[in-house]
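Chemist: Would you mind keeping the following structure in view while I ask a few things?
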Amino acid sequence: MRNIIEIEHLSKSFGDVKAVQDISFSVREGELFAFLGVNGAGKSTTISIICGGLMKDSGTVIIDGHTLDDNSEQIKRELGVVFQDSVLDKSLSVKDNLESRAALYGIKGEAFKERLKELSVLLDFKDLLKRTVGKLSGGQRRRIDIARALLHRPKILILDEPTTGLDPQTRRLLWSVISELREKENMTVFLTTHYMEEAAEADYVVILDAGKIVAEATPLELKNTHTGDFITIYGINETQVELLQKPYEAIRDAYRVSVSNTAEATELIIAHPEIFADYEITKGKMDDVFLAVTGKKLTGGTEK
Amino acid sequence: MIGLGLLIKRNIKMFFKDKGLFFTSLITPLILLVLYISFLGKVYRDSFAMSFPEGMEIPGKLLDAAVGGQLVSSLLAVCCVTVACCSNMLMVQDKVTGARKDFVVTPVKGSTLALGYYVSTLISTLIICLITTGAGFLYLGEVGWYLSGSDVVFLLLDVFLLVMFGVALSSIINLMLSTQGQISAVGSMVSSMYGFLCGAYMPISQFSEGLQKVISLLPGTYATSLLRNHALRGIFEELEADGYPSAVIESLRDGIDCNVYFFGEKVGLPTMYGILGVSVAVLVGVYVVLHLVKRK
């Protein structure tokens, strides 16, 4: 798989504030790429530079073989962006909104009508076309935001916290559409999110803190590197769990023992088979990874 | 220019559908109408009647037409600029709502966006101002019609030029704004101040001499005077035909700003057109330069 996004030594400052400091990473074609960081970590600045909304101070940005400095217009044709907050015109109808935005890509007349039909089926908003955007619910508006981003059939879809504040049903619909697009059109998805369960589904994750990359790998590698495993043992008492001589915590009907990796868990099981009658081994979660590498918790839009 | 037509259509729709922007743009003309109904009409009438020497009286129909002409020209003078300013606020509102961010990620050029705002503001403002002009003509027809065909054509030309001026001026001002607070502040300032500065609420001739000199430096003054001249020309012609002394007529023209003086020098109508035309060209030039500088 080739790299569709290549960022090399990218830096951007606002006065004395170094928003992005010499970051380099690449995104492979067709993958779901997660870009994580607390507010102010540099995610939005990086995205704005990629989209041509901000000038970089230094570094190179190559999208689908085009350098940003020489081919920003071509690059913009390959990117679809779903912003954190809806940027559609609230006083206009859904159709008027999509028509005016499609025209900015040169899509008009029959071509627009055809694309509108496809998208209204894909995102299930046929009945909403004449409705004013300002009167739609949060979930309905999000579907129109995504339709707007897909109008020109982009190769890369940038999703800036797309599911924040959405109900579970709309989140599910949104992710099923994205999966379908990735499957059918090999679309690359560049995601920023505060939901760690969404990041855990990514093919590759980059974690940003204070403008620098602090960790990057697949979710599994990140978990293996930055968190240990957990053995949840059922049907034992505290005296038995103390025999294992490992850190533990009591949960409602079991004890949760921390071990550094799966091999250590196996050794414990072999050494104390009488304790492990009913148990399960789980990997650490992306929340644990995030906490381990940044020292901060990322929970639904706010960091702690 | 990809998407210019639909961008203009979108901007015009946004203006007319956004009740906040639309009604704010009508505040100044409405203030003027309320002032006129409550007391300005009487002030105009008294000051016009008192301009005649003792023993000389103006016929009632001519007086009504003169006061009507003054109202219509004042209304158009403020309308063309304040409506343009409010309509052009969409440029700032798009920054506030994030729509501008959405435009920037498309391949559309910055110059297309800038032209889109300019042309759509021009069209929206012209629609409102031409409707106002039509209503003004109906009103003049009711109180006394003394306009010739050429007066009507020149009044329409004055409205068009003043709208061009208002759009260019507001484009420059709005280019610097980026928040809702700034929109409200500038909108209120323009709405409240422009009526005074252009002599719509009160004739410039009634201001102090120093202030008159300052106001004579503003291009809007000449636009108001052009509108006054064309709205009232027929009345002065009628007075002349009725044998009123030219000194009296000249004093009337001075009193209601048909004659404007630049540091003591009377400014002719062709010069007024020149000033307005050059102002529009300079303001559009400044807008283009500022736009290019801002992009860099």
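Chemist: Would you order A:Asp288, A:Asp124 from fewest to most other beta-carbon atoms within 10 Å of each residue's own beta-carbon?
Modeler: So the ranking, lowest neighbour count to highest, is A:Asp124, A:Asp288.
Chemist: What residue among B:Asn259, B:Ile2, B:Phe154 has its Cα farthest toward the positive end of the dipole of chain B, where the charges are +1 on Lys, Arg and -1 on Asp, Glu, each on the Cβ?
Modeler: Projecting each Cα onto the dipole axis, the largest value belongs to B:Ile2.
Chemist: Tally Lys/Arg at +1 and Asp/Glu at -1 over every other residue whose Cβ is under 15 Å from the Cβ of B:Gly144; what's the total?
Modeler: -3
Chemist: Which of rounded, prolate, oblate describes segment B:1-92, given a ≥ b ≥ c as roots of the alpha-carbon gyration tensor eigenvalues and a/c under 1.5 marking rounded, otherwise prolate only if a/b is larger than b/c?
Modeler: Prolate.
Chemist: Given Cα positions, please report Rg to Rh for the protein assembly as shown, the hydrodynamic radius being the Kirkwood one. Mind showing how you got there, number by number?
Modeler: Values: Rg = 33.9 Å, Rh = 28.8 Å.
Dividing the radius of gyration by the Kirkwood radius yields 1.18.
Chemist: For segment A:233-260, list residues with backbone N below 11 Å from a point placed 7 Å from the Cα of A:Ala277 toward its Cβ?
Modeler: Within reach of a label on A:Ala277, which here means backbone N under 11 Å from a point 7 Å along Cα→Cβ, segment A:233-260 contributes A:234-237.
Chemist: Ok, one more. Report the calculated FRET efficiency for A:Ile270 and A:Lys126 (r = Cβ-Cβ distance, R0 = 51 Å), to the nearest 0.05.
Modeler: FRET efficiency, A:Ile270 to A:Lys126: 0.25.
Chemist: Another one. Can you put A:Val82, A:Val293 in order, fewest other beta carbons within 10 Å first? Numbers along the way, then the final one.
Modeler: Numbers: A:Val82 22, A:Val293 19.
So the ranking, lowest neighbour count to highest, is A:Val293, A:Val82.
Chemist: Same structure, new question: Only loop residues by DSSP count here, and only those with at most 16 other Cβ atoms within 10 Å; note down the trypsin sites (Lys or Arg not before Pro) in segment B:69-124 that meet that.
Modeler: Here the trypsin sites (Lys or Arg not before Pro) that fit, given the DSSP loop and packing criteria, are B:Lys109.
Chemist: Remind me, what semi-axes does segment B:157-250 give for its equivalent ellipsoid, largest first in whole Å, using sqrt of 5 times each Cα gyration tensor eigenvalue? Could the numbers behind the result be given before it?
Modeler: Values: eigenvalues 228, 48, 21 Å².
Largest first, segment B:157-250 gives 34, 16, 10 Å.
Chemist: Round to a whole angstrom and tell me the spacing of the C-alpha centers of segment B:240-280 and segment A:35-49.
Modeler: Using only Cα atoms, the two centres lie 62 Å from each other.
Chemist: Rounded to the nearest 0.05, what FRET efficiency is calculated for B:Ala247 and B:Leu130 with R0 set to 45 Å and r the Cβ-Cβ distance?
Modeler: Working: r = 37 Å, r/R0 = 0.83.
Step by step, r from the Cβ atoms, then E = 0.75.
Chemist: Once you place label points 7 Å from the Cα toward the Cβ at B:Arg45 and A:Lys117, how far apart are they in nm?
Modeler: 6.6
Chemist: For segment A:1-66, run through the trypsin sites (Lys or Arg not before Pro) and keep only the ones in DSSP coil with at most 16 other Cβ atoms within 10 Å of their Cβ.
Modeler: Passing both the DSSP loop test and the Cβ count: A:Arg2.
Chemist: Based on alpha-carbon positions alone, could you give the equivalent ellipsoid semi-axes of chain A from the gyration tensor, as √(5λ), descending, whole Å?
Modeler: 42, 24, 17
Chemist: Largest first, please: the extent of the C-alpha atoms of segment B:2-295 along each principal axis, to the nearest Å.
Modeler: Here the Cα extents, ordered largest to smallest, are 73, 37, 34 Å.
Chemist: If you average the alpha carbon positions of segment B:79-135 and of segment A:148-164, how far apart do those two centres end up, in angstrom?
Modeler: 27
Only the coordinates and a few stated rules stand behind these numbers; no lab work does. Please read these numbers as outputs of a predicted model, since none were measured by experiment. Neighbour counts run over all protein chains shown; Cβ positions are idealised from the backbone, glycine included.
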